[in-house]
Amino acid sequence: MNTNQSACAIAKACGVLGSQLALATRIAAAPAQVSQWVSGVRPVPPRHCLAIERATAGQVTRADLRPDDFWLIWPDLPAPSKEAA
C-alpha cells in the first residue's frame with residue numbers, strides 16, 4: 001500500500017476539518033487511530049473511507065485514501081488507467 005500518499009490524504013482531511021481530533025470525532029474513530037493513519041503506521045481502513053470522503057465534502061476521496069486498491073473495494077469507482085499506473 002502506498003502509505004505516503006494515503007498519509008498525505010488523511011493529513012489533508014485533518015486540515016479540512018481543523019484537526020486530527022475533529023476528524024476522529026466526525027467519523028467516530030479513536031484519535032489514536034487517526035494519528036496512526038497520519039503517520040503512515042497503518043492504512044485507513046475501508047470502513048472509514050466513505051465517512052472521510054463525506055466529512056470533507058469530497059475534498060479527500062476514497063481513491064486518495066486507498067490509492068492501491070480503491071477500485072477493488074468500491075467497484076462503482078473506475079480503476080486507474082494503465083498509463084497512470
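Taken together, the values in this text are just the output of simple stated rules run on the coordinates, not laboratory data. Bear in mind the structure is a predicted one, so any value in this text is a computation, not a measurement. A quick note on method: Cβ atoms are made from the backbone with ideal geometry, for glycine too, and the neighbour counts reach across all protein chains shown.
Residue exposure proxy: ARG66, ARG26, ordered by other Cβ atoms within 10 angstrom of their Cβ from fewest to most, comes out as ARG26, ARG66.
Out of (1) 43, 28, 19; (2) 37, 24, 19; (3) 60, 36, 21, which label holds the value of Cα extents along the principal axes in Å that was computed here? Comparing each candidate, only (2) matches the computed number. Each other residue within a Cβ distance under 13 Å of LEU23 adds +1 if Lys or Arg and -1 if Asp or Glu, for a net charge of +2.
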